[in-house]
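The values are calculated or read from the model by the stated rules, or taken from the named source; none is laboratory data. None of the values given here were measured: they were computed from a predicted structure. Cβ placement follows ideal geometry from the backbone for every residue including glycine, while neighbour counts extend to all protein chains displayed. Just so you know, the surface numbers come from the protein's heavy atoms only, side chains and all, with ligands and any DNA or RNA stripped out. Shrake-Rupley method; radii C 1.70, N 1.55, O 1.52, S 1.80 Å.
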Amino acid sequence: AKIYVEIVRNIPGLFWLLFFYFVFPQLLPFGLTDILNHYSNYSIVAGILGLTIDNSAYVSDIVRTGIIGIPRGHIEAAVSTGLNRLQQVRYVILPEAFRTIVPPLGTRMIHNFKNSSLCMAIATPELTWATQQVESITFRGLEATFLATIFYIGVSMIMAMMIIRLERKWKIDMTSITSMKE
């Protein structure tokens, strides 16, 4: 898993999009290659696969870090109360890890939304691609780009506000934990 994470994190997301669009169909048996090459929405499939591979390494690292960050004493307390491994994960490990991974996971989600514009390189009809299409038809590139920028900012801000609300909802009261230690 560490090798996978390191390899994927050190390859740009655009490479994965190009790989799944141009190279991946050539690696398949002849019949499947023809099916993919004639599938009209294959650029969307390649975009989803490329962005998924690119983000999977980051998300797995965020989750791993969140789980590793749980104090050993909390896990030992779960064991001492008689919880089996599944119950430990469900009632102790995941709830605590989730509180710590929400902010970086949310940031990654916003990053992935903005990276969807890279799909334009493989002719996937997304917002940046549509902006170029509007510009080529109307010759109003400034207006089209301005609207697309406002859309990206608006959606990113809405996503950020949702993440902040989740973070506040699941925030651990650090003062009560500190006073319990003393």
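The table for this structure:
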| quantity | calculated |
| --- | --- |
| Test for residue 132: is it within 30 Å of residue 164 (Cβ to Cβ), in a helix (DSSP H, G or I) and not charged (D, E, K, R) | no |
| Count of the range 90-123 residues which are farther than 18 Å from residue 60 by Cβ, of a type in the set (Ser, Thr, Tyr) and open to solvent by 50 Å² or more (accessible area, probe 1.4 Å) | 1 |
| Meets criteria (in contact with a Lys or Arg (Cβ under 7 Å, 6 or more places away or on another chain), closer than 23 Å to residue 110 by Cβ and small (Gly, Ala, Ser)) for residue 46 | no |
| Leading residue by the ranking (nearest to residue 93 (Cα to Cα)) among those in the range 64-74 that are in a helix (DSSP H, G or I) and open to solvent by less than 50 Å² (accessible area, probe 1.4 Å) | 66 |
| Hits in the range 50-87 (condition: in contact with a Leu (Cβ under 6 Å, 6 or more places away or on another chain) and either in contact (Cβ under 8 Å) with a residue 60 or more places away in the chain or of a type outside the set (Val, Ile, Thr) (or both)) | 50 |
| Condition check for residue 77: over 21 Å from residue 119 (Cβ atoms), open to solvent by less than 60 Å² (accessible area, probe 1.4 Å) and in a helix (DSSP H, G or I) | yes |
| Subset tally (residues that are open to solvent by 60 Å² or more (accessible area, probe 1.4 Å), in a helix (DSSP H, G or I) and not polar (S, T, N, Q)) for the range 25-48 | 7 |
| Residue in the range 4-14 that is polar (S, T, N, Q), surrounded by 15 or more Cβ atoms within 10 Å (Cβ to Cβ) and at pLDDT 95 or above present | no |
